[in-house]
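Participant: This structure is in structure tokens; I'll ask about it shortly.
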Amino acid sequence: MGFDGHRDAICCITKHPLQLSILLSASYDGELRVWDLAQRKCLREFVAHEGVIRGVTYIPDGTQFITLGDDKTINTWNAQMPQFEEEEEPVDTIISKTVLGGISHSYKGTTFATCGEICQLWERTRNEPIRTYQWGVDSLHDVRFNPVECNILAACASDRSVILYDTRDSGPIRKVVMKMRTNRLCWNPMEAFVFTTANEDYNLYTFDTRRLKHPTNVHMDHVSAVTDVDYSPTGKEFVSGSYDRTIRIFECDKGHSRDVYHTKRMQRLTSVKWTLDNKYILSGSDEMNIRVWKARASEKLGPLKPR
């Protein structure tokens, strides 16, 4: 099942924290769309930023979402549709002093983190960052809060490192330097210490933050740079998307994928997500389409017969 309508390649997609059928997608021309997957239609579309949208995230109660773009602004939008004749206006706009590269909201509370030239911690009610973290890197391109330990976050940096931060602390805690650049990372939603990174060297690495010297597992099979990774809500599997135009599903403790999805028309993957009911995988790619895949290809979908 696919959804088309964007006029440029999709750069990021975000799922609603509470509603299964709502999906946000952002494209490189600054357009944002809200989809209802069950009814297969686009509910809203508007231009959120001038230029590329670098990140989108919902706040934990799902009433608002925050976007940031290359125009150095952080916009907060209402999740509700605007009333008749109302314009699409952000509820709040923060102008950042630095270039922005990614955003992640804490799973509890009102703080969110942005990355770019530096890692910054923001409070939703304030226009200035409450904390700034620097560790001698040019830029950070992805940041993720831990869903279990809500004070911990990790960021991927341009010097091939993954940096861990604690929001209760004034500086960064640990740093792991890889052989090649890490594009994205994702925390395991069930195991507080475990995260998986999508790497430029065609592999994914699973780390345990208690022993960062060596990865606990290396997941191979992609034949080009891995661009995104997302865990299933059970924490037992994760999905990755790559420049080789395929989506692969890995079991956490296995080194090779259990399934590979691709179509003739799908181009390079920019983002993949695993839905909260553990049944579907959502993907956004370069040829402007969002696709919905079954998480288990052989599973029967639809209503069960009384038998």
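The values are calculated or read from the model by the stated rules, or taken from the named source; none is laboratory data. Values in this document were obtained by computation on a predicted structure and should not be read as measured data. Reconstructed Cβ throughout: ideal geometry from the backbone, glycine too, with neighbour counts over all protein chains shown. Calculation scope for accessible area: heavy atoms of the full protein, side chains included, ligands and nucleic acids excluded. Shrake-Rupley method; radii C 1.70, N 1.55, O 1.52, S 1.80 Å.
Participant: So, by mean Cβ neighbours within 10 angstrom, what's the order for 3-14, 153-164 with the highest one leading?
Facilitator: My ranking of the peptides, most packed first, is 153-164, 3-14.
Participant: So with the 1.4 Å probe, I'd like the accessible area per residue for the stretch 66-175, rounded to whole Å². Can you show the working numbers first?
Facilitator: Working: 5370 Å² over 110 residues.
It amounts to 49 Å² per residue over the stretch 66-175.
Participant: Leaving ligands and nucleic acids out of the surface, order M190, M220, M178 by accessible area at 1.4 Å, largest first.
Facilitator: M190, M220, M178
Participant: Further, regarding this structure: Quick one, what does Rg over Rh come out to for the stretch 257-307 if you take C-alpha atoms and the Kirkwood Rh?
Facilitator: A ratio of 1.05.
Participant: Can you sort F250, F193 by solvent-accessible area, 1.4 Å probe, largest first?
Facilitator: F193, F250
Participant: While we're on this one: Binning at 5 Å from 0, report for the stretch 51-294 what percent of all alpha-carbon pair distances ends up in each bin.
Facilitator: P(r) for the stretch 51-294, in whole percents per bin: 1, 6, 14, 18, 20, 17, 13, 7, 3, 1, 0, 0.
Participant: Give the accessible surface of the stretch 224-276 per residue, rounded to a whole number of Å², with probe radius 1.4 Å and ligands, DNA and RNA excluded.
Facilitator: Solvent-accessible surface per residue comes out at 41 Å².
Participant: Cross-link candidates for K254: which aspartates and glutamates have Cα within less than 15 Å, leaving aside residues fewer than 8 places away along the same chain?
Facilitator: D221, E237
Participant: Follow-up. In percent, how large is the relative contact order of the stretch 73-194, given Cα pairs closer than 8 Å and 6 or more residues apart?
Facilitator: Working: 261 pairs, mean separation 20.0, N = 122.
After rounding, I find 16 percent.
Participant: Principal axis lengths of the stretch 73-143 from Cα atoms, whole Å, largest first?
Facilitator: 49, 24, 19
Participant: Would you work out what percent of the accessible area of the stretch 137-202, with all protein chains in place, is carbon or sulfur (probe 1.4 Å)?
Facilitator: Numbers: 1250 of 2650 Å².
Reported share for carbon and sulfur atoms: 47 percent.
Participant: Mind jotting down the distance between the C-alpha centroids of the stretch 1-16 and the stretch 266-301, whole Å?
Facilitator: Computed from Cα coordinates, the inter-centre distance equals 11 Å.
Participant: Put S298, S96 in order of accessible area, largest first, 1.4 Å probe: what do you get?
Facilitator: Correct descending sequence by accessible area is S298, S96.
Participant: Can you list the aspartates and glutamates whose alpha carbon is less than 18 Å from that of K72, not counting same-chain residues fewer than 8 positions off?
Facilitator: The reachable aspartates and glutamates, counting only those whose Cα sits under 18 Å from K72, are D29, E31, E50, E89, D92, E117, E123, E128, D138, D142.
Participant: Roughly how many debye, to the nearest 20, is the charge dipole of the chain about its Cα centre, given +1 on each Lys and Arg Cβ, -1 on each Asp and Glu Cβ, and no other charges?
Facilitator: With only Lys, Arg, Asp and Glu charged at Cβ, the dipole is about 1340 debye.
Participant: While we're on this one: Please work out the Kirkwood hydrodynamic radius for the stretch 213-307, using every pair of different C-alpha atoms, and report it in angstroms with one decimal place.
Facilitator: About 14.0 Å for the stretch 213-307.
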